[in-house]
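Student: Sharing a structure with you now.
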Ligand SMILES: Nc1ncnc2c1ncn2[C@@H]1O[C@H](C[S@+](CC[C@H]([NH3+])C(=O)[O-])CC(=O)[O-])[C@@H](O)[C@H]1O
Ligand SMILES: O=C(O)C(=O)Cc1ccccc1
């Protein structure tokens with residue numbers, strides 16, 4: 001895995017462009033996400049553990065917005081259920097290309113891994129196959145808000161009994177004091193991970209137009225509206241959380 005440090009926002013930019021999952025981001029992505037998302041390594045590893053409890057024989061496990069395939073690799077480390085396959089989907093060509101290289105690396109190191117396919121495509125246009133596990137690990141927040149309910153409805157329709165959606169997101173908070181406190185603590189987390197005030201400010205302005213977090217209440221209500229029967233938060237670190245939604 002690339003060890004290149006994230007310095008994408010270290011120099012002052014005359015105008016900060018909207019964040020895009022391009023080659024520059026791909027090169028530093030493992031470092032960027034670990035230093036930016038509190039709890040990310042814990043979420044990814046445990047997503048594999050959770051998935052092993054929900055995986056059903058002869059079904060698909062989806063990793064939607066797979067980036068470099070960290071979740072896909074965790075699924076393949078933990079799930080042993082007969083006849084399961086992993087489908088990793090991302091619409092960034094740069095991410096997909098590097099994801100395939102990393103998965104080839106995993107294939108050459110371990111035996112008896114679940115088969116995997118990496119699709120370059122829009123998850124909004126995906127024809128879902130019967131699925132037991134669907135992971136949306138920090139992806140829904142990049143989907144246009146007006147598309148989110150329909151996407152969750154399609155995922156719900158594809159889920160088999162006994163399966164689950166695992167949804168991880170940055171959260172917004174309706175209580176202004178709670179929102180301000182957790183936002184400040186997230187900034188402190190980034191500072192402690194070596195990001196400067198300039199890097200933090202420029203990154204915030206790069207993502208503000210393209211990444212729209214919802215509150216936990218909005219997630220719960222939308223998941224129920226999409227047909228899920230139960231929503232169970234299993235992890236929160238500062239303003240980042242992960243939920244299990246049962247069909
Ligand atoms: N419509 C779309 N269709 C397909 N992919 C999309 C779409 N919109 C965005 N993406 C993809 O969703 C991913 C979001 S990153 C996920 C991290 C990963 N899950 C991880 O656990 O390492 C989250 C982050 O960087 O905060 C990017 O790779 C986008 O190209
Ligand atoms: O960096 C942030 O502030 C985030 O909210 C998370 C993030 C991580 C990686 C790419 C885009 C956003």
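Please treat every number below as a calculation from the coordinates, not as lab data. On a predicted model such as this, the values are computed, not experimentally measured, just so you know. Virtual Cβ from ideal backbone geometry, glycine too; neighbours counted across all protein chains shown.
Student: Could you tell me whether region 64-72 includes any residue that is farther than 15 Å from residue 94 by Cβ and within 13 Å of ligand 2 (Cβ to nearest atom)?
Tutor: Yes, region 64-72 contains at least one residue that is farther than 15 Å from residue 94 by Cβ and within 13 Å of ligand 2 (Cβ to nearest atom).
Student: Look through 141, 106 and report the one residue that is in contact with a helix residue (DSSP H, G or I) (Cβ under 7 Å, 6 or more places away or on another chain) and either assigned to a helix (DSSP H, G or I) or within 16 Å of ligand 1 (Cβ to nearest atom) (or both).
Tutor: On the way: 141 fails: in contact with a helix residue (DSSP H, G or I) (Cβ under 7 Å, 6 or more places away or on another chain).
Of the residues listed, the single one that is in contact with a helix residue (DSSP H, G or I) (Cβ under 7 Å, 6 or more places away or on another chain) and either assigned to a helix (DSSP H, G or I) or within 16 Å of ligand 1 (Cβ to nearest atom) (or both) is 106.
Student: Turning to a different aspect of this structure: Looking only at residues in region 148-167 that are within 14 Å of ligand 1 (Cβ to nearest atom) and surrounded by 13 or more Cβ atoms within 10 Å (Cβ to Cβ), which one is nearest to the chain's Cα centre (by Cα)?
Tutor: Pass one, region 148-167, residues within 14 Å of ligand 1 (Cβ to nearest atom): 148, 150-152, 154-155, 165-167.
After this cut, where a residue has to be surrounded by 13 or more Cβ atoms within 10 Å (Cβ to Cβ) as well, the list is 148, 151-152, 154-155, 165-167.
Values: 148: 14, 151: 15, 152: 14, 154: 18, 155: 15, 165: 12, 166: 9, 167: 8 Å.
Among them, the one singled out is 167.
Student: Residue under question is residue 200, and the condition is that it be away from ligand 1 (no atom under 14 Å from the Cβ), part of a strand (DSSP E or B) and surrounded by 15 or more Cβ atoms within 10 Å (Cβ to Cβ); does it hold?
Tutor: Judged against the criteria, residue 200 is not a match.
Residue-by-condition table, conditions (1) over 22 Å from residue 238 (Cα atoms); (2) in contact (Cβ under 8 Å) with a residue 60 or more places away in the chain; (3) surrounded by fewer than 17 Cβ atoms within 10 Å (Cβ to Cβ); (4) under 19 Å from the mean Cα position of the chain (by Cα):
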position	(1), (2), (3), (4)
1	yes, yes, yes, yes
26	yes, yes, no, yes
44	no, yes, no, yes
55	yes, yes, no, yes
59	yes, yes, no, no
62	yes, yes, no, yes
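Student: So, one more: Regarding residue 169, is this residue farther than 21 Å from residue 55 by Cα and within 14 Å of ligand 2 (Cβ to nearest atom)? Show your work before the answer.
Tutor: Values: farther than 21 Å from residue 55 by Cα: yes; within 14 Å of ligand 2 (Cβ to nearest atom): yes.
It is true that residue 169 is farther than 21 Å from residue 55 by Cα and within 14 Å of ligand 2 (Cβ to nearest atom).
Student: Which of the residues belonging to region 76-96 are more than 16 Å from ligand 2 (Cβ to nearest atom), closer than 14 Å to residue 21 by Cα and surrounded by fewer than 18 Cβ atoms within 10 Å (Cβ to Cβ)?
Tutor: Matches in region 76-96: 93 only.
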